[in-house]
Amino acid sequence: FSDALDGRPEVFEVMEQHLPLALYNAPRDVKLSFMRRILARDTPPPRALREIEITMHRQKRLSSYEIPSIYPLNILQPLYPQLYRMNPSGFFMPSFLRAIRGDPLESFRDVMRPVAPVVVAFPMLRPGFCDMLVAEVQNFYMWACTTKQKILRTNALNTSPYGVVLSDMGMQGVLDDLMKQFVSPISTVFFSEVGGGSLDSHVSFVNLYHGDDNNGTDWHVDDSEVTLSVCLGKEFTGGEMYFNGRRCENHTTSMEKDEEKVIHPQVPGEALLHHGRHRHSVFPTFSGFRADMTMWCRSSVFRELRKYKTDFSNWCGECKNLGVQM
């Protein structure tokens with residue numbers, strides 16, 4: 001990574017933003033020397049390197065595909081500029097807004113129903129918003145294909161060729177608002193044991209599935225503390241979510257139990273909020289067209305504390321089972 005400082009100017013530019021104030025006006029060779037010493041002493045872990053790569057990729061992408069207020073006239077503009085500014089009454093179902101604005105324990109239980117152990121379902125997005133977001137993703141995807149722009153893979157397990165990381169489209173700001181103002185209050189109530197009250201970052205993406213692609217995902221856990229998954233439509237068969245138990249890192253592949261198995265259909269506009277370590281899979285979409293939005297919400301505080309803890313019997317099915325046996 002240190003060698004890239006010379007061959008890739010964008011690496012230098014990203015790191016330059018984080019230099020101490022005393023070095024802001026220093027000559028370039030002095031800055032380079034300081035950066036190399038830091039890298040030699042404390043090489044970032046693979047996850048951090050990936051985050052830097054994504055940041056550089058996003059900056060390059062947004063120079064061509066920007067939010068409307070700074071959009072170049074000679075570049076394809078977004079179809080729906082209103083998607084890039086938070087508008088609760090235009091985005092969310094009235095029942096969801098009432099729940100968010102009411103007493104957490106009482107109002108959440110009125111609109112949110114459990115479909116599996118610590119998996120809640122609730123109507124969230126208006127049909128019009130779902131349609132606009134799908135059309136916006138398709139517009140961006142076609143623009144990227146036409147201009148031969150590289151698109152980041154939404155996640156390693158997704159088999160659909162049609163997917164977009166929403167921050168690539170300039171939607172980071174509105175998604176930050178979504179997590180802080182709407183996902184965090186629910187997570188504080190339902191997922192406090194995994195840092196639901198301290199969510200501070202996310203990765204959000206939309207995937208599109210066509211029936212003739214016959215795509216699904218094998219069972220897995222998400223790289224998140226809390227996952228929000230919303231079906232955007234439209235008409236399809238298949239695509240059900242299959243949950244089979246929460247597990248910590250040490251027990252991801254342990255046996256599933258009959259009482260942990262839950263299959264839940266995906267309904268346009270309905271959100272599922274679940275523990276990121278809740279093992280799940282998605283059945284193939286056999287016919288029609290299905291789109292979904294996923295938000296992996298993360299807590300840096302919980303991730304730091306997790307390094308020093310080995311027993312997760314308060315939520316991991318296998319840790320709890322082993323504790324009973326002991």
A careful count of residues in the range 97-153 that are part of a loop (DSSP other than H, G, I, E, B), in contact (Cβ under 8 Å) with a residue 60 or more places away in the chain, buried (at least 16 other Cβ atoms within 10 Å of the Cβ) and β-branched (Val, Ile, Thr) gives 1
Could we say that Ser63 is modelled with pLDDT under 80 and farther than 19 Å from Val203 by Cβ here?
-> yes
Exactly one of (1) of a type outside the set (A, V, I, L, M, F, W, C); (2) touching a His at 6+ places or on another chain (Cβ under 7 Å); (3) not in a strand (DSSP E or B) is unmet by Lys180. Its number?
-> (2)
Might you check whether a residue that is of a type in the set (Gly, Ala, Ser), under 26 Å from Val183 (Cβ atoms) and at pLDDT below 90 occurs anywhere in the range 236-246?
-> yes
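Checking the structure you have, find out if any residue of the range 278-286 is of a type in the set (A, V, I, L, M, F, W, C) and under 21 Å from Leu178 (Cβ atoms).
The answer is no; no qualifying residue exists.
The values are calculated or read from the model by the stated rules, or taken from the named source; none is laboratory data. Quantities reported herein were computed from a predicted structural model and do not represent experimental measurements. For neighbour counting, all protein chains shown are included, and Cβ atoms are generated from backbone atoms with ideal geometry for every residue, glycine included.
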